[in-house]
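The values are calculated or read from the model by the stated rules, or taken from the named source; none is laboratory data. Everything numeric here is computed off the predicted structure, so don't read it as measured data. Neighbour counts are summed over all protein chains in view; Cβ atoms, including those assigned to glycine, are modelled from backbone coordinates with ideal geometry. Surface areas here come from the heavy atoms of the whole protein model, side chains and all, with no ligands, DNA or RNA. Shrake-Rupley method; radii C 1.70, N 1.55, O 1.52, S 1.80 Å.
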Amino acid sequence: MAFKIIVCAKQVPDTNVIKINPKTGTLIRDGVPSILNHDDANALEEALKIKDKYPDTHITVVSMGPPQATDMLMECLAKGADEGVLLSDRAVGGSDTWATSNALEATIRKIGDYDMIFAGRQAIDGDTAQVGPQIAEKLGLPQITYVEEFEIADNMKDITVKRQLEDGYEVIKVQTPCMLTCIKELNEPRYMSIGGIFDAKNKPMKVWSAKDVEVDLKKVGLEASPTNVFRSFTPAPKGKGVVLEGDTEKDVAKKLLVGLKSKHVI
Amino acid sequence: MAIQVIKDKCVGCGACVGACPFSAITMKDGKAEIGSACTACSVCVAKCPVQAIEKTADDDVVDLSAYKHIWVFAEQRNGKLMNVALELIGEGHRLAREISDDTKVYAVLIGDGIKNLADECYAYGADGVILIEDPLLKNFTTDGYTKVIYDAIQEFKPEIVLYGATHIGRDLAPRIAARCNTGLTADCTRLDVKVSSYIDFAKKNTTLDTSTLDPNDPSTGIKQTRPAFGGNLMATIICPRTRPQMSTVRPGVMSKREPVQGATGELIEYKPAIADADIRTKVVEIVKSAKELVSLTDADIIVSGGRGVGGPEGFDIIKQLADKVGGVVGSSRACVDNGWIDHSHQVGQTGTTVKPKIYFACGISGAIQHLAGMQNSDIIVAINKDPDAPIFEVADYGIVGDLFKVIPEIIAEWDNAEALFEASEK
């Protein structure tokens, strides 16, 4: 029993450590580490768990980005994936989610056969959660997003998932092939092992151009994207309020209540 | 082939007018307009400094004027409209009037046996309701809802479609946008049609230099503002060449209109073409979690704990204050990541966006991703040991101190607020 699984992953700047230059209002990217996107780590982990159970399973991790995104793919290989594929081409730069999903659709078609595609729900730099469903649409696959529990039957066809809702969950059944987008509640991603890091160097890593994946160039990149950035800016800081002072905590608490009362909020 | 001016991008500089060898370009209402003398030579395309002119194959050009009116996906679950649907009907109402007097907002109501919800849509500002009912549409499925909404879009051609950025809206909207080959902007926190309203918003809330924007700009493309990079940056997105323009909007951000009881509107019953085989996923059951439902978006007062509470037991004191003031418990992402409290309590960019009357931030340092989700609260009270914590930059009232000592005093004095205030007036 062996599955063919594709995992979609993205290399992202760690937005928790991004700072804004207060003078220019621009992002300070220097020294910001690039990481495997959080939800994508959960997507990879779920694929690896299937491989733990069915060792002949083949996992291909696919990404789109600059050449250095192979670092992130190496991390995925070191964790246990079998093959890395990076679509890297200036022609796909500046793509919005529609154009990105066209590029990844072509890449996945080029890879060929698969039973399941796992993707992270969303990437921490864009937070759109759109690319997974849009790839599914273009590949004609059913999708389940916000997957927090996953199970595949021994017939290798029937999948049962718990899909997270704001106030609970729904249990959904679907059959392969399908797209599943994963959230952190799904699993606890493993770390790379020393042996895994060693093995990764001998695993296939493909870097493809737009031409390699035969994507229609009128459907990718900045120019083709239906959405454009009109303006971008930093949020204005809210006016600073007052720091309440007093000899005791009780004094300060009283001052606070007087303040809240004066503003008619209590 | 044809030459087309992207009105939303055109800055009216006139560079193309002088460049055109056939004098085919004129300025109208501050925008370039291509006249009948145009030979599609493309000289202007290269000349435009803002890439607002493009050459397109005739069959690629979407006739933007064929699209009219605003649709709101009126998400209902189990026969009850989601709050965000009512918020978006209110927002759609406002935007429709900005576009033109005869632009309407329609609520798109999908389910089975839910016709009764139409009145609520009218009460909150919908000019009309597009009702799509079928037993197969009783519960949300990606395949089912995508098909019927896509089909309806092809028939009626709305100019704008808005969805709540819920776990359902964020599943559905990208799928429909991809099928329509149009743009979609996720998790918007502000929408504008008129450039003049965008300028007003930008001046009040942002650091954006608005001098390059013309308040008399007649374009009515939607300007969709959203946080990016974890709330470190705001971006305004446009969708200039394709229709419908689509956005998902964060729950709790837009305001509902005051409901007008007895309001009515135009009811369009759309007969969906849907069959069992169209739906490839099967919803086996929908389970409401046993855990208490945290309604952060509706709360007037939120008491949130951060890393400073020290552990899961630290939320006891947070809960005590919340109970005392009739509020609900919120949390920073750090506490959720540490497993101290359930994710349903999380406020911030990746959690819930809130704007209560009072927000107590207790032991929260104020990471940008947290601020992005709560800084529109009416009054922010911050309690933190560290006087340099960024949370004090947004706090209306800051208290530098130990939350475990300060909160009990607030609880003790809460009922005396009136007397304390009167005493302070004297």
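Amide H contacts under 5 Å for B:Arg190: B:Thr225, restricted to partners 5 or more places along the chain or on a different chain, H placed in the peptide plane at 1.01 Å from N. Ranking B:Phe140, B:Ala74, B:Pro240 by how far each Cα lies toward the positive end of the dipole of chain B (charges on Cβ) leaves B:Pro240 at the top. Of the trypsin sites (Lys or Arg not before Pro) in segment A:25-82, the ones in a loop by DSSP (not H, G, I, E or B) with at most 14 other beta carbons within 10 Å are A:Arg29. For the protein assembly as shown, the Kirkwood hydrodynamic radius from C-alpha pairs, put into Stokes-Einstein at 25 °C and a viscosity of 0.890 mPa s, yields a diffusion coefficient of 91 µm² per second. Of all the options A:Ala41, A:Ala224, A:Ala200, the one that moves most in a Gaussian network model of chain A with Cα springs shorter than 10 angstrom is A:Ala224. Counting only alpha carbon atoms, the long axis of helix A:70-79 and the longest principal axis of chain A meet at about 80°. Note that chain B shows a convex hull volume over its alpha carbon atoms of 187 Å³ per residue. For segment B:2-61, the per residue solvent-accessible surface stands at 52 Å², with DNA, RNA and ligands left out and a 1.4 Å probe.
Using +1 at the C-beta of Lys and Arg and -1 at the C-beta of Asp and Glu, which of B:Ala202, B:Thr212, B:Ala275 has the Cα lying farthest in the positive direction of the dipole of segment B:171-283? Most positive-ward Cα: B:Ala275. Note that segment B:100-107 has calculated 3J(HN,Hα) couplings of 5, 5, 9, 8, 10, 10, 10, 8 Hz, one per residue in order, obtained from phi through the Karplus relation 6.51 cos²θ - 1.76 cosθ + 1.60 (θ = phi - 60°); glycine and proline are x.
Note on chain A: GNM, Cα springs under 10 Å; of A:Lys157, A:Lys254, A:Lys201, the largest mean-square fluctuation is that of A:Lys254. Can you find, among B:Gly351, B:Pro387, B:Gly326, the residue sitting farthest towards the positive end of the charge dipole of segment B:296-425, where Lys and Arg contribute +1 and Asp and Glu -1 at Cβ? Working it through, the farthest residue towards the positive pole turns out to be B:Gly351.
Among B:Met27, B:Met82, B:Met254, whose mean-square fluctuation peaks in a Gaussian network model of chain B (Cα, cutoff 10 Å)? Highest fluctuation of the listed residues: B:Met27. Its Cα centre serving as origin, the protein assembly as shown has a Cβ charge dipole (Lys and Arg +1, Asp and Glu -1) of approximately 1260 debye.
Here the Karplus curve 6.51 cos²θ - 1.76 cosθ + 1.60, taken at θ = phi - 60°, turns the phi angles of segment B:264-279 into couplings of 10, x, 7, 9, 10, 8, 9, 7, x, 9, 9, 10, 3, 5, 5, 9 Hz, with x standing for Gly and Pro.
Using only side-chain charges placed at the Cβ, +1 for Lys and Arg and -1 for Asp and Glu, the dipole size of segment B:355-416 relative to its Cα centre rounds to 200 debye. Classification of segment B:360-426 by its C-alpha gyration tensor yields a prolate form. The axis ratio a/c (a ≥ b ≥ c) is 1.5 or more, and a/b outweighs b/c.
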